[in-house]
Every structure is written in structure tokens, then in C-alpha cells.
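J.: One structure follows; several queries about it will come next.
Please treat every number below as a calculation from the coordinates, not as lab data. Since we're looking at a predicted model, the values are computed, not measured. No Cβ is skipped: glycine too gets one built from the backbone with ideal geometry, and neighbour counts run over all protein chains shown.
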2 protein chains.
Amino acid sequence: MSNINKFSLITSNIPVDLAFDFISKIDVQQCLEYLTAWYCKVGCIQLFDEETILSLDTILNQDLLIKVIAKLPTVDCDDYKLQNDMENQFHQKLITLYNFNIKKFIIDFKVQNNSANLARIVCKYSNKPIMFNFKVPTLENAWDSWNTFRNMTGYSLQISIVLCLTKYLPTRDEIIRWIGEPICALSVSTNLFILNKKGYPVLSEDHEIILKIAIQQKWTIILSGEPLPNMKDYFYYIIFVAKNINIPSPILECDDLLQLPLQPLRDNLMSCVYHVFEQDPIKYTQYQKAIYLAIIDKEVKNIVIAVIGAGRGPLVKASLRAADLAAVNVKIYAVEKNENAIPTLLMYQKNVWGESVDVVFSDGREWDPPEKCDIMVSELLGSFGDNELSPECLDGAQKCLKDDGISIPCEYSSYLRPLMSHKLFSQTIKNEAIDESCLSNSKDAAFEQSYVVLQPHSYKPTKTKKLFTFNHPKKTLESNARYKCLEFEITYNMQLHGFSGYFDAILYKDIMISIEPLTESIGMFSWFPIYFPIKDTMLVKSGSVISVHFWRCCDEYKVWYEWCVSSPNQTPIYNCQGKSNSIRL
Amino acid sequence: MSNINKFSLITSNIPVDLAFDFISKIDVQQCLEYLTAWYCKVGCIQLFDEETILSLDTILNQDLLIKVIAKLPTVDCDDYKLQNDMENQFHQKLITLYNFNIKKFIIDFKVQNNSANLARIVCKYSNKPIMFNFKVPTLENAWDSWNTFRNMTGYSLQISIVLCLTKYLPTRDEIIRWIGEPICALSVSTNLFILNKKGYPVLSEDHEIILKIAIQQKWTIILSGEPLPNMKDYFYYIIFVAKNINIPSPILECDDLLQLPLQPLRDNLMSCVYHVFEQDPIKYTQYQKAIYLAIIDKEVKNIVIAVIGAGRGPLVKASLRAADLAAVNVKIYAVEKNENAIPTLLMYQKNVWGESVDVVFSDGREWDPPEKCDIMVSELLGSFGDNELSPECLDGAQKCLKDDGISIPCEYSSYLRPLMSHKLFSQTIKNEAIDESCLSNSKDAAFEQSYVVLQPHSYKPTKTKKLFTFNHPKKTLESNARYKCLEFEITYNMQLHGFSGYFDAILYKDIMISIEPLTESIGMFSWFPIYFPIKDTMLVKSGSVISVHFWRCCDEYKVWYEWCVSSPNQTPIYNCQGKSNSIRL
């Protein structure tokens, strides 16, 4: 048991999962010591063959066994009769281990092979809680082979990848592309290490870059190859690298969780939802700056501000602070249509704000202001800018403004870029299956709506491009319908699973808020990106262009998006005529 | 009314639908006369603009109006605001006409245009019983533009094509490819005609070929262009061409009707089903020839024949006739597991066949024969050869044979080739929608099974290739599981919608039956081809290869097919592990 404590010391607070996978048999007892030790601290996994597992039976407890990954032979050959025999052996082995409570299996994935029969095997176990990990070497064309295989399985949720580092050095783009795949681990063989000046094993600079990406992506690092006497030096090296990496912590555990966008116009938000968004450390500071600049520019002593959609008051507070800083008298109309928020507003008005604030219980579009205002402040933006119907609301509300009145924000735009993400796509497929059992009225509903979702496991091969822009206030109220086709040049083969959407907004002059990656307001957490799936996923070859068409459509009662891809392949128009999804006015 | 009779005379028994569509206005009364006349005899259609239709209101009766097709302007331009106006006008016009009971509309289809907005318009009316006919000129790349558009509509059942002949001469392959599309008419402009030696208007030889294909395909022929005084000469020419064409008559009105394959092993067929198949003029003649040759080869005076799956007795009759011709004594065991067929067999046995036939109520696989037989005759083949489990049945039954016994059939094979068919594919999509409302347990069920279906509206770009072969009797009973990958080289762009399947069977020596197009037994109607859809339809470019993988899988209880396409794109494996469809043993 002494070993356990030793390892505990080494690995405590190390933000990396470690495991090992050795070619030669090593002493089971030693193996177990390692395993127990690492498992205790870092959730280590161990890759065993069947024989070893059976011999461990008496030693390992069930909790530990769940962490064990069993090796299985690959099954794919061209001779059908041989194939049949191989498959039967495979199934027999798997079932033996499964009955032994092993639920994770690891299989060598042969790049360039026809992996059709391997895909059929995965399908066979789709009703069992089994995970298949495939050891994919980082060879040239490895991704293409994997992509073929993964498409054959119909985007199984039961497959994941152990990426095996080889002497072949993939480009940075090739490595980044793997982020869109369901990778659980990077396997580094001891024979890839070189000795540094002090005689300790390290990776070459190029390989270290890949190791760093892996640690950042929170992949488990597996040491493989021949077991060596100075094994610990190898572990130390990985831990050393990991310690110097800044790993982003997940926000509220929302990674890759598909959520439907809010519809604040249709639904009355609850108090707790307001509470979360009011904590944003960036947004209200930016608003306050913008309001301050607008007040200064007005050059008057008495300013009238309308807050359209006051919620529980954060923009009222920002306005009061801005007016205070600018040393002007202010009259604020806090207009809010959500009855859940009104009591809070009234409480603040009575106890804190006093006469300078009027709380108005009304939809901003219908509000008949007692006097015209200098500034109209609102925060009606969604992850895709206009997708919570800010354009329609502000068109309705702008009559409250004086002729030279200012809208904050004064302009906002949506942005798009293509995306590859096995996780997001397979989850959408899963949602579709669930939708169906609920008898949703549109069969493709899960694919014909957008999701707000953090997308850490996505590959985005290009920069964004601007889609739609809206300005406020408008001189003449023209339609908010829009259409645009965007084109993206692709330089590495990828599988297109949809598009990531973002927005930026000019609040006033150079004061902006943005979730668009290049201009992102760092630290602002109120908006996740948006994800528009495409049901008809397609391979996009390097050198080709992705053309996507987007429509923002409006009628008397609702607003909706339609989209389709026309290059490299033509898809149907998704959500055509808003059949699966629309935003109610 | 005299005109009606005149036209009746001309058009009676003319196997072609005729219509006209003139650029200039012609006298409404004359128009009406033509219309009434042609409508009476040949279900004529007339293409009018809105104004003309409204002026016809008082004259036309409702029955006639249903046949009227109204012209609508096209709607697609790059300026979004202009586009919006055009769409609004379009919708207004359409709704006016629709309220006037017009349900067919014709719209110019612009080759090379971005037809996205046109596709959105089609989607808008998906819940109304409206048909949109698109006038597509036979220009270069016309098919590619159409294909893009049709894919955007998501395979609407409400779109069809009026193919407009132009001076550009498409190749024969280009014309044949249109057969896979939902074409309702060929429009021939009067200005394409030339004068023959006698001074009558005719088409050039090349154009006439296209006209002939159109008539054979039963497309309506529309005369268009400037109305001319000698209009009737143009009609006469078309009727003249039509009279010299052999148009296949539809069998039982089954064109493009998707039917599930029979499962005679699982289900007991009803008497009426037997009745239809017993009428086949070719099949039993071939069986009789084969049995005769086998008897002769046996060189014995007393022959014992087992009919496995005797049904209502046609193979028993063929065996008796063959034995009679060969002048041998015969003992026939008529083995049948279907209780519905037994009474008929017993009736024949008692009244006609007498002692030479023993009726055995048993599954052929379980039958314990009182003596070994010389010949085993069966007709357990499906459209795809082995798909009604002939291999499994005959494996079970072959123990009834002497060591040197003969199986009739002795060998059969399945064949495949790629297919493009808007009709079959859109019907499969429709079936999918129906399946879902019935809560079938597999969401892709409609795409994960095969259909027996006549495929006159399909484009098959290549010859077939052989897939699986089975021989009987077998020396050793090996597995009937199979796997094969077939490749097809494509020389014209096409949209892949699935595969057509066929079979041939060697009954004995050179006596065959076949539905494989090159060796087809002409006149034999017992089997339609089979259709394997692929849910993930794809564009296949000229010069590329379609690779399709097929598996025949077996377990203790069932047999099923799996298939996938790996080139030009990778699809999932359809019906993996028989999840949507299998054939019960």
C-alpha cells in the first residue's frame, strides 16, 4: 500500500488523466499497484487483454473493473468465410468480458482498411451499455478512414478514439481537426521519447505541441510501448508539461449540451434565469460606458431614458450610474412586459431608485410614452443577434424616441462559420429519436432548429463571415426579412455537421459586446454560440467551397430561419416555411 | 358540337395525350373547342395565363377546369427586397387561381439560376393539393440545375416537369436520364418543325427520336409556339409517330407502387395470390422442360419427384406432364406447409392425379420422406433470388434426395445496378412519414427494406452485376451468409436513389428463368424487380464510381440484408443487424 501514497503525492492537483498500456506482459501485482495508485488520484484507466483481466478477477474490485478497458482483436478481412469466423470469436470474447462487467473495449483501427465489418459490429451492440475505443494512429489519411467508418456506424454514441501518436508529424490543422471527433485519450509510446541534456526522457518539440493540445482538450494521456525501469520519469515529464498549461474550466458543466434558445417574448422568464444573467461581469459595464457616452453627446442637463425590457433592473442601474457619472438629471422609464419581474422592479423603485425611475408594466412595442425619450436602452439580443426578435421589438418601441434619439445598441450583426462535431451531431440525432417518440409534428424537428451550446469539441476550419445586420432607430420601418449566401473555402477534408453562429453589437460608438471569436468580449458569459445543424451531413474535400444560404423570414405572427447548403452538395431547405421551428412575435 | 365529333374520330385509339400551349392569345371560343374536343378523347391539358382563365370562367365547367394548368411567373432574383415583392405577387396570383379551383400551375424553370426561392415557394404549399409543373428546356446542364432544385424541395411529390425541346440536341443518355424524373409532358414548339418533301411539318430525325421516347414513356405531348393556320397538320404528325410505337401496357396498374416482398415462409399465402402467379405463361413451361430433361438424364423407368412448396399444384402438373412426355412412371410427393393450399391439392389428387401423387402437409425442411427422390423441384425464389429463403429451405429439404439427386433449380444468382428515380425515392420518403405515425420501432424503417416494384420511371445508367450465387443440392451444408462489394462506373451525372435488384435461375442445364434485363424471360410476369433504397441520396458525378456493399446475414431465426454505399460518399450501413427488416425462417 505504500506505493499508493507515493503516487498520491505525485499526482495530487495534476490536471491530467494518466494511464498506461504496455505491449509486454508485466507483473500483474505491479500492474495492480500502478492501477490502484493512479486510479485513486486521477481516474486512471488500464488497457488489458482478456487473459490478464481474467487473472485479475480475484484481485480487482468491481469499482476498479468499471475503469478497465479490455483489448479486443480487430475484425475486418476480405475473405467472407474467414471474416465470419473472426466475428464469431470476437463476439464470444466480448460477451465473456461483458458478463464479467467490462463495458469498455479497445480495438485497433486499421487506417486504409475497409472497416465496414467493424462498423457492423458496433451496430450489433447498440442496445448494450458498451463503449468501443478505437486506437487510431496519427498517420496521413487517418482522419479520412475514421470519418468513413464513423459515417458507416450512423454516428454511434458508443464509439470514441484513442489517438496514437506516431513518428509521422501531423500538421497543426490536422491535429485541431481531431477536436471535432469523440476523442477520449492520446496514447504516447515510450519509444517516441528522446533524452534531454540531463538524460531524462522528453518528447520532441513538435510532439510536445500535440501533447499540450491533448492536455488542454482534457484527453487522458496514455503511456504505451515497452515498460521501462524508469517509467516514473516518463510520467513526471507529462505531469511537468501539464502543470504549465492553462486549462479552461467548464462553465456550469454545459459543454456540448444542446439547449433550445430562450423565447423571452413568448415566455415569461423566471427570476432565477434573470439572476444568472445579471452576474455577467462585462455586459453591464459596457452598457454603462455606452449610456455614459450617449448622455455626454446629448449635451443636456435633463436626460430621458427608456429601458425596453428592464427585467429585474440591471440596465436601469447602469443608466443611473452613467447619469450620475455624467452629472445630469435623469428620468428613466423601466418598461417590462414580464409580470414575474415587476415586483422586483417596484421594490427597487420604492426602496432605492425613487422618483427618477417610472416602472411601466407593458410590452415595449405597445407602450405609449408620456414624453419622448433621448435614449432607448435594451438588451434583447440572442446568441445569433436578432434571434430573440430585437429588431421587431425595437421597431415597435422606437416611437418613444425623439427624432434625434439614440438606440443602445445601435447596430448588431450575426456571424456564421462551418462546423464539424461528432458530439453535437450525434446528440442531434439522439434528440431526433426522442422527438419522434413524443410525436412532434415535424419529423426532422431536431435538425430544423438552432441550439445554444458551448462547442469545445468542435472543429471550425475557417473564420466567421457576417450574415445579417440590423440598425436602430430606423428612419423608415422596412422589413426585417433577410437573405444571404455565404461561402467558405475549405483547406482540409472535413465532414460538415452544421454551422456555428455568433453575434456582435455596437452599443454606442466604439463600445461593443461580442461573442464573435475574433472580437470576443473576454469574460462575458451571457451568450453561448448557436448551432445550426444540417441533417444531410457531407464530406467536404480540401479545395472545395461550402456555400450556405440563410433566410430570416417574417409573417404577422412569427419569425423563423431557413437554411440550406448548396455546395459541395445540395441539401433540402431546412425548416422551410418555419415548419419545425419559429419564434413567436 | 360538331367539332367534338370530328376530333373524336381523329384521336380515337391514339395512344398519346396531346395538348397545346401558345405564345399569342388565340380566340377563347376556338381554344375552348379544341380543349373540349381533345379533352373528351385524350384528357388534354391547356396552359393558360391568369387573364385567360378568368375570361373562361363563364364558359368552362368545373370538370374541365380541373384539367387546366395556369401559368405563373417565376420567382428568383438576387435582390432580396425585389424578391420579396415578386413572391408576394406570386402568392396573391396563386391564391386567386386556387380559389377558382385551379390546382395545377406551370412555371418557367431557369437553368443555371439559383432556384432556392422557387424551392421555398413549393414548400409553402406542401399542405395544399397543388401541383407545380416546371418548364425545363432540354439545354446542356438542365438536368444538373433541376437536380439541385429538386433536392432543395426535399423530394416534393408536388413537382413535375414539362420538358421543352430546344434546338440543342441532348444525347440519348441525357434524354434517358430524364426518365428518372417526374416528367408529365414534352413540349414541342412549332418552330422546331421542318417541312418534308410533301410540304407537311415534321421533326428532324434526331428530334423525332426524342418524341418517340416521350410517347413510349406516356408523357403528354404539348404543341407550343405560335398558333398556325395548319395546326392540325402538326397534330397529325404527332399522331402518326405515335401510331408506329409499341407502348408497353402497364401490368395490373402496378407502376412505381412500392410493395413489400412476400414472406411465404412466415405467412400462409391466400388462394387468390396463388391464382395470379399460376397464370404465368413462361415459368411453368420452363419448369416442365427442365424436369423433362432431368428425367431423361436419369435413364430410369420409375422416377420419384419431390415438389417442395407445391402450392396449389402447378409444379405437380408440370412434373406429371414431363413424366408423361418422357414416358416414365412417376411418383410425386407434393409437400406443402400452407394449410390454405392443401384442400386444392387434395381435390386434384382425388379427382385428377390419383395414386401417382402423395399430398404431404409439412414444411419441406421438416419432411421425413418415406423414400429418397431422384428430383427435387421447387419455386421458392423471390425477385432477388434468395430473398424468400430458398437457400435455407432447400438446405433443409435436400435430405430427401438420393446421392445423385437433382435439384430444379440447381443454381440462382442475384444482380444489382444503381438507380435514379424521383418517384420511387419520394414515395419511400412518404412511406417513412406514414411509418412514423404508426410508431414503427425503427425510425428509418421505410429506407431499410426492399420493395418489389415495377420501375418504368427509373434511370438505370449501367448494366447489372452479379451479387450472390447459390447452388443445390450442396455436398456440405455451409453458411448461406454472403458479402460482396460491387462497383459501377458512371458516365453521366446522376443522383443515386438506390439499387434495382434482379435474379436469374438455372433450372436444369440450359433451361433458365430470368428477370435480369439482358437475359430476361420475355412474357414472364411473376416477378417484379426489387428496389433497395438508400436514405442518404447523393450526386454521382460523371467519371466517378459507385461502390456498394451488400451483406446477406443469417442467424438462428432470420435472414436479412444490410447494405451501404462507400463511393462517391460513405453512407451508414442500412438495416444494420436487421434492425428494420428481416425475413423469418
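J.: Assigning unit charges at the beta carbon (Lys, Arg +1; Asp, Glu -1) and nothing else, what dipole magnitude in debye, to the nearest 20, does the range A:271-408 show about its Cα centre?
T.: 460 debye
J.: Once the dipole of the range B:412-584 is set up with Lys and Arg at +1 and Asp and Glu at -1 on Cβ about the Cα centre, which of B:Cys576, B:Gly523, B:Leu539 lies farthest towards its positive end?
T.: B:Gly523
J.: Given a Förster distance of 25 angstrom, what is the FRET efficiency for A:Leu228 paired with A:Glu205, based on the Cβ-Cβ distance and rounded to 0.05? It would help to have the intermediate numbers written out before the result.
T.: Numbers: r = 22 Å, r/R0 = 0.89.
Working from the Cβ atoms, E equals 0.65.
J.: In addition: When Cβ neighbours within 10 Å are restricted to other protein chains, what is their mean count per residue of peptide A:151-160?
T.: Working: counts 8, 8, 3, 9, 1, 1, 0, 0, 0, 0.
If you average over the peptide's residues, the count of other-chain Cβ atoms is 3.
J.: Where in the range A:361-398 does the label zone of A:Lys509 land, with the point 7 angstrom along Cα→C-beta and an amide N cut-off under 17 Å?
T.: A:375-376
J.: Right, here's the next one. By how many nm would the segment from A:Gln83 to A:Lys198 lengthen if fully extended, with 0.36 nm per residue of separation less the alpha-carbon distance? Kindly include the intermediate steps, with their values, before the conclusion.
T.: Details: separation 115, 0.36 × 115 = 41.40 nm, distance 5.07 nm.
Between A:Gln83 and A:Lys198, full extension yields 36.3 nm more.
J.: Can I ask one more? Step through the residues of the range A:388-393 one at a time and calculate ³J(HN,Hα) from phi using the Karplus curve (6.51 cos²θ - 1.76 cosθ + 1.60, θ = phi - 60°), rounding each to whole Hz and writing x for Gly and Pro.
T.: Per residue, the Karplus-derived 3J(HN,Hα) values read 9, 6, 3, x, 5, 5 Hz.
J.: Right, here's the next one. Need the C-alpha centroid separation for the range B:109-145 versus the range B:482-530, integer Å.
T.: 33 Å
J.: If you take every DSSP beta bridge fully contained in the range B:105-205, what fraction is antiparallel? Give it as a percent rounded to 5. Kindly include the intermediate steps, with their values, before the conclusion.
T.: Working: 2 of 16 bridges.
Around 10 percent antiparallel, to the nearest 5.
J.: Whole-Hz Karplus ³J(HN,Hα) for the range A:138-148, in order, using 6.51 cos²θ - 1.76 cosθ + 1.60 and θ = phi - 60°, x for Gly and Pro?
T.: Along the range A:138-148, the couplings run 7, 8, 4, 6, 4, 4, 4, 5, 4, 4, 4 Hz.
J.: Continuing with the same structure: I need the inter-copy label distances for B:Asn141: point set 7 Å along Cα to C-beta, values in nm with one decimal, smallest first.
T.: Shortest to longest, the spacings are 3.3 nm.
J.: Right, another one. Measuring from a point 7 Å out along Cα→Cβ, what nm distances, shortest first, does A:Gln263 have to its partners in the other copies?
T.: Here A:Gln263 shows inter-copy label distances of 4.1 nm.
J.: Summing +1 for each Lys or Arg and -1 for each Asp or Glu, what net charge is found among the other residues whose Cβ lies under 13 Å from the Cβ of A:Glu516? Intermediate results must be reported in sequence, preceding the final value.
T.: Working: positive: A:Arg417, A:Lys460, A:Lys463, A:Lys465, A:Lys466; negative: A:Asp504, A:Glu520.
Net charge in that neighbourhood comes out at +3.
J.: Which order do the peptides B:219-228, A:407-416, B:201-210 come out in when sorted by mean C-beta neighbours inside 10 angstrom, highest first?
T.: On the way: B:219-228: 19.8, A:407-416: 23.8, B:201-210: 15.4.
Peptide ranking by packing, descending: A:407-416, B:219-228, B:201-210.
J.: Could you work out how far apart the two model spin labels at B:Ser271 and A:Asn246 are, taking each label as a point 7 Å from the Cα in the direction of the beta carbon, and quote it in nm?
T.: 8.7 nm
J.: Between their Cα atoms, which of A:Lys423/A:Lys460; B:Lys124/B:Lys423; B:Lys93/B:Lys430; B:Lys71/B:Lys135; A:Lys81/B:Lys579 are more than 18 Å away from each other? Each step should come with its number before you reach the end.
T.: Details: A:Lys423/A:Lys460 14 Å; B:Lys124/B:Lys423 21 Å; B:Lys93/B:Lys430 29 Å; B:Lys71/B:Lys135 10 Å; A:Lys81/B:Lys579 23 Å.
In this structure, B:Lys124/B:Lys423; B:Lys93/B:Lys430; A:Lys81/B:Lys579 exceed 18 Å between Cα atoms.
J.: Now for a different question. Taking Cα pairs under 8 Å and at least six residues apart, what relative contact order does the range B:412-584 come out at, in percent?
T.: On the way: 343 pairs, mean separation 47.5, N = 173.
Averaging sequence separation for qualifying contacts and normalising by length gives 27 percent for the range B:412-584.
J.: Roughly how big is the range A:235-348's charge dipole about its Cα centre, with Cβ charges of +1 (Lys, Arg) and -1 (Asp, Glu), in debye to the nearest 20?
T.: 420 debye
J.: Step through the residues of the range A:444-455 one at a time and calculate ³J(HN,Hα) from phi using the Karplus curve (6.51 cos²θ - 1.76 cosθ + 1.60, θ = phi - 60°), rounding each to whole Hz and writing x for Gly and Pro.
T.: Karplus values, whole Hz, x for Gly and Pro: 9, 3, 4, 8, 10, 9, 9, 10, 8, 7, 5, 10.
J.: Subtract the Cα-Cα distance of A:Lys465 and A:Ser542 from 0.36 nm times their separation in residues, and report this length gain in nm to one decimal. Write out the running numbers ahead of the final one.
T.: Numbers: separation 77, 0.36 × 77 = 27.72 nm, distance 1.91 nm.
So the chain would gain 25.8 nm between A:Lys465 and A:Ser542.
J.: In peptide B:536-542, how many Cβ atoms from other protein chains are near each Cβ within 10 Å, on average? Could the numbers behind the result be given before it?
T.: Values: counts 5, 2, 4, 3, 0, 0, 0.
Across the residues of B:536-542, the mean count of other-chain Cβ atoms within 10 Å is 2.
J.: So, in nm, how far is label A:Ile522 from label A:Lys103 when the simple model puts each one 7 Å beyond its Cα toward the Cβ?
T.: 4.1 nm
J.: Once amide H atoms are built 1.01 Å from N in the peptide plane, which residues 5 or more positions from A:Leu585, or in another chain, come under 5 Å H to H?
T.: Hits under the 5 Å cutoff: A:Lys558, A:Val559.
J.: How far, in nm to one decimal, is B:Ile176 from itself in the other copies if the label point is set 7 angstrom along Cα toward Cβ? Shortest first, please.
T.: In nanometres, ordered from closest: 4.8.
J.: Exactly which trypsin sites (Lys or Arg not before Pro) in the range A:452-538 are in a DSSP loop and have at most 15 other Cβ atoms within 10 Å? Walk me through the numbers before you get to the answer.
T.: Working: sites: A:Lys463, A:Lys465, A:Lys466, A:Lys474, A:Lys475, A:Arg482, A:Lys484, A:Lys509, A:Lys535; in loops: A:Lys463, A:Lys474, A:Lys475, A:Lys509.
Here the sparse-neighbourhood loop sites are A:Lys463, A:Lys474, A:Lys475, A:Lys509.
J.: Quick one: which residues, 5 or more positions from A:Lys135 or on another chain, have an amide H under 5 Å from its amide H? H modelled 1.01 Å from N in the peptide plane, none for Pro or chain starts.
T.: A:Ile107, A:Asp108, A:Phe109, A:Val162
J.: Need the full-extension length gain, A:Asn191 to A:Asn351, defined as separation in residues times 0.36 nm minus the C-alpha distance. One decimal, nm.
T.: 50.5 nm
J.: Ok, one more. Hey, rough spin-label estimate for B:Ala433 and B:Phe361, points 7 angstrom out along Cα→Cβ, what's it come to in nanometres?
T.: Those two pseudo-labels are separated by 4.7 nm.
J.: For A:569-581, what's the mean count of beta carbons from other chains sitting within 10 Å of each residue's beta carbon? Working shown, then result.
T.: Working: counts 6, 11, 3, 9, 10, 1, 1, 10, 8, 1, 4, 0, 0.
Average neighbour count from other chains, rounded to a whole number: 5.
J.: Here's another thing I want to ask about it. How would you order A:330-338, B:305-313 from highest to lowest mean count of nearby Cβ atoms within 10 Å? Spell out each step's value before the answer.
T.: Numbers: A:330-338: 23.4, B:305-313: 27.6.
Those peptides, ordered most packed to least, come out B:305-313, A:330-338.
J.: Near B:Lys331, which lysines are there with a Cα under 22 Å away, not counting those fewer than 8 places off in the same chain?
T.: Cross-link targets: B:Lys289, B:Lys298, B:Lys301, B:Lys317, B:Lys350, B:Lys372, B:Lys399, B:Lys402.
J.: Turning to a different aspect of this structure: Counting only DSSP beta bridges with both residues in the range A:412-584, what percent are antiparallel, rounded to the nearest 5? Each step should come with its number before you reach the end.
T.: Numbers: 45 of 45 bridges.
For the range A:412-584, the DSSP antiparallel bridge percentage is about 100.
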